[in-house]
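Since every read-out is calculated from the coordinates, none of them should be taken as a lab result. Just so it is clear, the model here is predicted, and its values are computed rather than measured. No Cβ is skipped: glycine too gets one built from the backbone with ideal geometry, and neighbour counts run over all protein chains shown.
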Amino acid sequence: MFKNFRKLWIALGVFVILSPLGLIATGTAFGEWGMDQLKEEIGFVPAGLSKFADLWQHVLLPDYAVPALGSSTAGSVIGYILSAVIGVALIVSVFAFFSKIVKD
């Protein structure tokens, strides 16, 4: 699997390493709004979202930071990279799972 998509894996790795560039961006990322920001952006909070608002209060990496490192810059950078690695691993796992099902 790695051999066939070598350039893709290299590009993906570069994006993971570059993910902390998001730390220097101003504002919030598109679609990562809290309930108050969402109401400002679109004028209301959809019922489905408000029903699950408390579900996202307890997450593994809040605000893309490692809680054990506090609010330090290192904690934010490591959290960003870790979030990218976890996200890529989940996506690759899902694609690998479905490609195995389709192959068989």
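Summary table
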item: Segment 6-103, relative contact order [Cα under 8 Å, separation at least 6], %; result: 28 percent
item: Computed E for LEU55/PHE97 - FRET, C-beta separation, R0 22 angstrom, nearest 0.05; result: 0.35
item: Extension gain, ARG6 back to GLU40 (0.36 nm per residue minus Cα-Cα distance, nm); result: 7.9 nm
item: Nonlocal Lys pairs with alpha-carbon distance under 22 Å, the chain (8 or more apart, or different chains); result: 4
item: Charged-residue dipole, Cβ positions (Lys, Arg, Asp, Glu), the chain about Cα centre, Debye nearest 20; result: 700 debye
item: Principal-axis tilt of helix 6-18 within the chain, Cα atoms, nearest 10 degrees; result: 30 degrees
